[in-house]
1. Please count how many residues of region 259-277 are in a strand (DSSP E or B) and either β-branched (Val, Ile, Thr) or in contact (Cβ under 8 Å) with a residue 60 or more places away in the chain (or both).
2. For region 310-324, which positions are open to solvent by 50 Å² or more (accessible area, probe 1.4 Å) and closer than 9 Å to Ala336 by Cα?
3. Can you tell me which residue within region 299-309, out of those that are free of Cβ contacts under 8 Å to residues at least 60 places away in the same chain and surrounded by fewer than 18 Cβ atoms within 10 Å (Cβ to Cβ), is nearest to Ala277 (Cα to Cα)?
4. Cβ-Cβ distance below 8 Å, separation of 6 or more or different chains: which pairs start in region 327-339 with a residue that is part of a loop (DSSP other than H, G, I, E, B) and end on one that is loosely packed, with under 13 Cβ neighbours inside 10 Å?
5. Kindly indicate whether Val183 is assigned to a strand (DSSP E or B) and open to solvent by less than 40 Å² (accessible area, probe 1.4 Å).
6. Pick from Thr169, Thr107: which is more than 12 Å from the chain's Cα centre (by Cα), buried (at least 16 other Cβ atoms within 10 Å of the Cβ), in a strand (DSSP E or B) and polar (S, T, N, Q)?
7. Check region 357-375 and report whether any residue there is in contact (Cβ under 8 Å) with a residue 60 or more places away in the chain and within 30 Å of Ala266 (Cα to Cα).
8. Counting only residues that are open to solvent by less than 40 Å² (accessible area, probe 1.4 Å) and either of a type outside the set (A, V, I, L, M) or within 12 Å of Met284 (Cβ to Cβ) (or both), how many does region 219-256 have?
Amino acid sequence: MKLAAALAAAALLLAPAAAGCAAEDYKFDVSAFEKKPFELWGYVEFRQEHSVLNQDGAIYLLNFYNDPHSHLDETIVNLKPSGKARYKDASLNFRANLEGDRGTLGTDWNSRWDEFYGSYKPDPGLTLDAGKIALKWGKGYAWNPIAFVERVKDPNEPDLAREGFTMLTGDVIRNFEGPLRTVAFTPVVLPASDNINSDFGQGSHINVAAKLYLLYYDTDIDLAYLSNGSRSGRYGFDFSRNLATNLEIHGEWAHISDTRRTVTNASGGTTVVQGDAERYVLGMRHLSARETTTIFEYYRNGPGLTEAEMDDFVRFVDNAYAQYLATGNATQLNQAANAVRGGYGSPNPGRNYFYLRVAQKEPFDILYFTPAITVIANADDRSTSITPELLYTGIKDIELRLRAVILTGGAGTEFGERQISRRFELRARLYF
C-alpha cells in the first residue's frame, strides 16, 4: 500500500510538468497557415537535346531542302516563375516563361506572360478574374475535345503548363445536400482581333463561352459551350467517375459546327472540306497494388485528315522536292510548307489515336525512382511515337529526367514522315 501511495503521489507531481512539455511539443503555430501577402515559386530547367533527323520524311524535306542536316543539338534554359500578391479579397497572379535556346541552327531567346490576371473573391462561392488566364477544361489526359478556350495540348507532354488567353471569367459555386452535391458555373468573355488574342481564331469577335459543372452521385460532369465567332460554334460534355479507389474512367465529347480544313492532293491542288464534326475521348486510369499507374485513352478527331489525305500530301511533297532538285524552283515546297502550318503539322492531325502510359513507382525498392513509357499510336496508319523515360527525385527540390522519343512508321504515315526519327533528352529541373 505504501508503494502504491508513493507511485500515485509521484504521478500527481509529474503530471503538470508532462502536460507542460506536451503543450510545448505540440504548440499550434497559426502563422504557418496564414495566407502570405506575396508568394513566389516555380522552377528553372536545363535541357540538353540530341535529335536524329528523318532525312526521308516530308516535314524534314520542307524545312531542310536547301540546308541538309543529319542531326540537331540544342541546349535550352527555361525559367518559369509564378507568383501571387494578395490584398484583402483581391489578388494579382502571374506565371512567366523565359527561355533561351542555343543549338545547331543558332541562338534564340523569348519571354512572355503565360498568365497575368487579377482575381477578386468576396465570397467562397464567387470568384471574378480578368487578364491573361490559362483555363483547364476537360477530363481527358492526353486530349481535351471540350477545351474550347485553350491552346492545343501536346500529348507528348500533357502536364506542361500552357500559355493562356486574355479574358474575363469567373466562378459561381453552390453546394447542396442530396444526390446533386455541387453546381459551379464558369462564364467566359474572350475578345479576339489583330491586337488581342490574335491567334485564337479568324476575324475580330467577342467570343462567349461557358461551363457548367455538376457533382452528381460522385460523378463529375461538365457541360461546355462556345459561341460562333473567331472559332466555329461548338458544345459538348465530359465526365469522370471512380469505379473503385484505384480505378477511374473518363470521357469527353464535342460537336463542332462548320469545321473547315484545306486538303492538298498529290498534284498540289487544294480543296476546302466543310461540315459539322465530332471529337471525343474515352479513357481510364488505374493504380495497382504495386503502385503501377496505367493511363489509356482512345481519341476520335472527326475533323482530322484521313489516311488517304495524308498520303496525298506526302506524295505532293516528294514531287515538289523532285522538281526542286531538277529546276531549283522551290515554289511548290513553299506551298507545302504553308499547308503544314495550316494543319498537316499539328500535333495529331489524323482521325483515330490510342494513348497508353505506364509508370512504375520505385521498382525493386529503388527510392525516388520512377521509370515510365508512353505510346501514342495513329490507329489508321499504325505509325507510333514511343517515349521511354527515367525520373529521379531523390535530391531536395531537384528533378532529373532522362527521356527518349522514338518514331516508327512507313512512308506516307504520320510519324514516319515527321522531321525527326529519334530524340534524346536530359532534363534537370530546380524548384524554388
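1. 9
2. Within region 310-324, none qualify.
3. Only one residue fits best here, namely Gly302.
4. The qualifying pairs are Ala330/Asn66.
5. Yes, satisfied.
6. From the options Thr169, Thr107, the qualifying one is Thr169.
7. No, because not a single residue in region 357-375 is in contact (Cβ under 8 Å) with a residue 60 or more places away in the chain and within 30 Å of Ala266 (Cα to Cα).
8. Residues in region 219-256 being open to solvent by less than 40 Å² (accessible area, probe 1.4 Å) and either of a type outside the set (A, V, I, L, M) or within 12 Å of Met284 (Cβ to Cβ) (or both): 16 in total.
The values are calculated or read from the model by the stated rules, or taken from the named source; none is laboratory data. These numbers come from a predicted model, not from an experiment. Here Cβ is always computed from backbone atoms with ideal geometry, including for glycine, and neighbour counts include all displayed protein chains. The area values use the complete protein model at the heavy-atom level, side chains included, leaving out ligands, DNA and RNA. Shrake-Rupley method; radii C 1.70, N 1.55, O 1.52, S 1.80 Å.
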